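One structure is given here, and the rest of the page talks about it.
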Amino acid sequence: MSLDQEFLEIDDSKELKFSSRRSVVHSTQGIVSCTQPLAAQAGLKILRAGGNAVDAAVATAAALTFFEPHMVSPAGDMFAIFYNAKDKSLKAINGAGRAPAALTIDYLVSQGITGRKLPPNSPHCVTVPGGVAGWIDAIDAWGSGKITIADALGPVIDFAENGAPIGEISAGLWYRGLKILTNNSENAKDLLLPDGTTPKTGTIWTNKKLAETYKLVAKNGKAGFYEGPVAERIVNTVQKKGGVLSLDDLKNHTSTFVEPTPIDFNGLTLWEVPPSGQGILAQIAVGIIRELIADKVVPPPEEWKLNSAEYLHIIIEALKIAFRDGEEYVADPLKAKVPTSELLSKEYLNRRSKEFDPTKAKPQYGPGKLNTANESDTVYLTVTDKEGNAVSFINSVAGLFGTGIIPDDSGFPLQNRGVNFVLDKSALNSLEPGKRPYHTIIPALLTKDDEIYAAYGVMGGFMQPQGHLQVLLNHSIFGLDPQKSLDVPRVCITPGRVVGDVTLTNVNVEQEIDPAVVAKLKDLGHEITWQKRYDPLFGRGQFIKLTKQENGAIVHSAGSDPRGDGAAYPFYD
């Protein structure tokens, strides 16, 4: 019997026909789950030093900037949701940066830049990096009080100075971004080996310039990044490329603490960071499915079969509606009237659910009517600690290596988050000075009866709300454990071919989905593209569930996506 057969559990009633080779990881003292094993060790080191989940998450995120610079950078953004076990409160931080104060649509037009969006490698896509400030603010607000930013950066400085081997998937994505680096930066050599190639799996990589950058932050805090040599290098490099980012843009940056938004589904509450992030799209899709169940438009969940055509049709159509609303309404709420509460109201979700047709796919949905004006790369990680705290944490440089622009003597790429702005003054998400763009990165938390239930997320551009929905349903409806919930083959909708004035929706499916199911989806009118198993398009997730025992002990149970290099690592002190 092969390993595939030995560990493949089949339940004919639910059609669980997929491979699941990893075991759930358990602990009573905490878990660090992320995409790189050595980065997870950074988080575990901080837990052993007396830090809490937030302290450890920052250390892990910083370490990932060394192991996965194609995904994350100190010049990227971060979001997080924190569950405080002491008072059972949930808090969130929007650590996204803003557009330069001098950047306007009129200015771009004067420079001959037109169209609906900026080119992804344009220096004008460089928004202010919010990640480093977000790390420091999260530690200051939610940390244990025993760990400083210097402590949290200690592991990444050690990795960068002394070297560490690169993982298999990371090496592959690094190579995929080679031309992005060489075509867009005179400093591409800073993220390449001496012979001009990218690191291969198992290659020991060093990045002394990144270490020097972090030493300045360790010594001077925010000023070490947003002022002084690092800030000057960022600004000078962008301006040499024709951008308008200024030292004042960096110096004036602030994180924003926000209240996460909830939606109830099947006995659980899904919490997301509100816009400017796209977490609300996962909640809209969840809410539409909830209304379809309540109105008996679809069979009751106990009759669903995992990844059947009928089931996937529900998911796909709900996501189409959610993304159309996101395109219309997700923007920076400090600069635009974003109707978050209206979009999540039962009345609105029920009205949107009426557009669903169980017998056929719609080529395109319009946005819902409200009383209001009219490939990304990321790392997601989650950490729990022995006190029962949990943090859902996400960091990103946006596209593969962001803009591909690397500041002088810094060792990291600049993000291209500004590519998500719309160059249309009538849109809520229009480019404006000092405005945050529509943001793809989203962490999630689940609660049950006001107690922490799980911290989870799926990274990967516009896959993220799709992953949040599918993993939630895998666990909530089909009862799969945290590991199998991540293992299940996924679908991902993307813009497809244009027919007249309509952009059709393309449904990408992973290889292990039954061909007979795909044939039925085509009969329903879906346009399908087969993708290889574990293609980066389908994201990479982490999932930690917390269960309180009768004696009061908390068991932490975690899974880590096989689409990444990493795993879930239990903490033991």
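The values are calculated or read from the model by the stated rules, or taken from the named source; none is laboratory data. None of these values were measured; they are calculated from a predicted model. We place every Cβ from the backbone using ideal geometry, glycine too, and count neighbours over all the protein chains shown.
Here is how the numbers come out for the structure above:
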{"read-out": "Selected residue (criterion: surrounded by the most Cβ atoms within 10 Å (Cβ to Cβ)) from residues of the range 58-99 that are in contact with a Leu (Cβ under 6 Å, 6 or more places away or on another chain) and farther than 17 Å from residue 402 by Cα", "value": "60"}
{"read-out": "Selection from the range 411-433 of residues that are of a type in the set (S, T, N, Q), outside any strand (DSSP E or B) and surrounded by fewer than 24 Cβ atoms within 10 Å (Cβ to Cβ)", "value": "426"}
{"read-out": "Every residue from the range 86-127 that is within 14 Å of residue 419 (Cα to Cα) and small (Gly, Ala, Ser)", "value": "96, 97, 99, 115, 122"}
{"read-out": "Condition broken by residue 385, with the remaining ones in (1) of a type in the set (Asp, Glu); (2) at pLDDT below 95; (3) under 30 Å from residue 85 (Cβ atoms) satisfied", "value": "(2)"}
{"read-out": "Restricting the range 323-337 to residues that are among the basic types (Lys, Arg) and more than 20 Å from the chain's Cα centre (by Cα), the residue that is farthest from residue 432 (Cα to Cα)", "value": "337"}
{"read-out": "Test: residue in the range 505-513 that is at pLDDT below 95, assigned to a loop (DSSP other than H, G, I, E, B) and of a type in the set (Ser, Thr, Tyr)", "value": "no"}
{"read-out": "Near pairs, Cβ below 8 angstrom, 6+ apart or cross-chain, from the range 528-554 (of a type in the set (Val, Ile, Thr)) to any residue that is part of a helix (DSSP H, G or I) and crowded, with 24+ Cβ neighbours inside 10 Å", "value": "544/482"}
{"read-out": "Residues located in the range 381-401, provided they are part of a loop (DSSP other than H, G, I, E, B), closer than 23 Å to residue 124 by Cβ and in contact with a Gly (Cβ under 7 Å, 6 or more places away or on another chain)", "value": "400, 401"}
{"read-out": "Filtered residues of the range 529-558 (kept if among the aliphatic types (A, V, I, L, M) and surrounded by fewer than 17 Cβ atoms within 10 Å (Cβ to Cβ))", "value": "553, 555"}
{"read-out": "Some residue of the range 306-316 being in contact with a helix residue (DSSP H, G or I) (Cβ under 8 Å, 6 or more places away or on another chain), surrounded by 23 or more Cβ atoms within 10 Å (Cβ to Cβ) and closer than 30 Å to residue 134 by Cβ", "value": "no"}
{"read-out": "Any chance residue 441 is over 18 Å from the mean Cα position of the chain (by Cα) and closer than 18 Å to residue 393 by Cα", "value": "no"}
{"read-out": "Single unsatisfied condition, residue 128 versus (1) within 25 Å of the chain's Cα centre (by Cα); (2) in a helix (DSSP H, G or I); (3) modelled with pLDDT of 95 or more", "value": "(2)"}
{"read-out": "Any hit, the range 100-122, residues being at pLDDT 95 or above, buried (at least 24 other Cβ atoms within 10 Å of the Cβ), farther than 26 Å from residue 454 by Cβ and within 21 Å of the chain's Cα centre (by Cα)", "value": "no"}
{"read-out": "So residue 46, is it of a type in the set (Val, Ile, Thr), surrounded by fewer than 24 Cβ atoms within 10 Å (Cβ to Cβ) and either on the phi > 0 side of the Ramachandran plot or out of contact with any strand residue (DSSP E or B) (no Cβ under 6 Å at 6 or more places or on another chain) (or both)", "value": "no"}
{"read-out": "Of all residues in the range 559-570 being of a type outside the set (A, V, I, L, M) and closer than 13 Å to residue 382 by Cα, the one that is surrounded by the most Cβ atoms within 10 Å (Cβ to Cβ)", "value": "560"}
{"read-out": "Subset tally (residues that are more than 18 Å from the chain's Cα centre (by Cα), closer than 18 Å to residue 126 by Cβ and small (Gly, Ala, Ser)) for the range 226-278", "value": "4"}
{"read-out": "Strands (runs of 3 or more DSSP E) wholly inside the range 28-97 containing at least 3 residues that are of a type outside the set (Val, Ile, Thr) and more than 15 Å from the chain's Cα centre (by Cα)", "value": "77-84, 89-95"}
{"read-out": "Only listed residue being farther than 19 Å from residue 413 by Cα and among the acidic types (Asp, Glu), chosen from 227, 232, 291, 212", "value": "291"}
{"read-out": "Index of the failed condition, residue 332 passing every other in (1) part of a loop (DSSP other than H, G, I, E, B); (2) within 20 Å of residue 494 (Cβ to Cβ)", "value": "(2)"}
{"read-out": "Residues within the range 26-38 that are over 17 Å from residue 455 (Cβ atoms) and either hydrophobic (A, V, I, L, M, F, W, C) or surrounded by fewer than 23 Cβ atoms within 10 Å (Cβ to Cβ) (or both), tallied", "value": "2"}
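Condition check ((1) surrounded by fewer than 19 Cβ atoms within 10 Å (Cβ to Cβ); (2) in contact with a Cys (Cβ under 9 Å, 6 or more places away or on another chain); (3) not in a helix (DSSP H, G or I)) across all residues:
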| site | (1), (2), (3) |
| --- | --- |
| 336 | no, no, yes |
| 350 | yes, no, no |
| 357 | yes, no, yes |
| 379 | no, yes, yes |
| 435 | no, no, yes |
